[in-house]
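Here is the structure we will look at.
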Amino acid sequence: MTEGTASAGARNLTGTPACRDDFSPPETEATPELLAHPVEGSVPTIFDAHTFALTAHAGQLDKGGEPCMRHLERVANAALARAGHARLVDGLDIDPMRVMQAALLHDVLEDTPRTPADLRAAGFGSDVIRTVLILTKPQARIAYSERIASLIEAGDLAALLVKMSDTEDNLCPSRIPPNATFLRERYATAFARLKEAATAAGYTGR
């Protein structure tokens with residue numbers, strides 16, 4: 001979920017770059033092996049996911065007045081890089097393009113009137129929809145730490161990588177008010193828990 005504004009090149013408490021403003025896969029990750037769809041009939045594309053999210057979030061701004069899509073695009077790029085590492089370096093069974101779709105769509109059920117049925121009607125795969133559902137805040141009010149625990153317990157590596165990227169972006173200093181130390185601590189703790197769970201699943205990236 002979008003929490004504030006962003007600026008290029010900032011670093012978060014994890015020591016890794018966040019706040020990526022461009023919507024394009026990193027050149028080092030855009031290899032034929034990464035961009036190929038290992039699952040037959042894996043449509044729609046990431047551009048369809050981007051269009052779906054752009055339409056669903058039309059007019060929405062975050063707390064800093066920035067279009068919500070900027071956050072989604074940064075999260076999608078970071079999630080793609082992580083999923084590419086998981087597949088190409090770690091040899092894990094994961095489709096980076098589907099992870100990127102889920103990253104672009106991860107707030108549509110939570111912050112817009114769109115439903116899982118809308119995602120199915122648009123042709124998104126059941127695995128993408130499942131990941132989006134895992135990433136969606138439940139209707140019942142529960143503590144943030146419990147939401148992270150529930151996500152980890154779901155055992156979905158794609159959801160872990162997207163949430164790591166989402167949390168990393170939320171850790172960007174310009175997205176958190178200067179006096180909101182509790183938010184920085186909450187996100188830093190969540191990132192560490194998510195990374196630990198991803199590592200347990202065989203992921204060796206940052």
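Every number here is computed from the coordinates shown, using simple stated rules; none is lab data. Every value quoted in this text rests on a predicted model; they were computed, and no experiment measured them. Please note: Cβ atoms are built from the backbone with ideal geometry, for glycine as well, and neighbour counts cover all protein chains shown.
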Provide the per-residue ³J(HN,Hα) series for segment 108-114, in order, calculated from phi with Karplus coefficients 6.51, -1.76, 1.60 and θ = phi - 60°, each as a whole number of Hz, with x at glycine and proline positions.
5, 7, 8, 10, 9, x, 4
In nm, the gap between the two label points placed 7 Å beyond Cα toward Cβ at ALA180 and GLU196 is 2.5
Round to a whole angstrom and tell me the spacing of the C-alpha centers of segment 159-206 and segment 56-119.
15
Amide proton proximity set for LEU61, modelled H, under 5 Å, gap of 5+:
CYS68
Mind listing the phi-derived Karplus ³J(HN,Hα) values for segment 185-200, rounded to whole Hz, using 6.51, -1.76 and 1.60 with θ = phi - 60°, and x for any glycine or proline?
5, 4, 5, 5, 5, 5, 4, 4, 5, 5, 5, 4, 5, 5, 4, 5
If packing is taken as the average number of other Cβ atoms within 10 Å across a peptide's residues, how do 161-169, 133-141 rank, most packed first?
161-169, 133-141
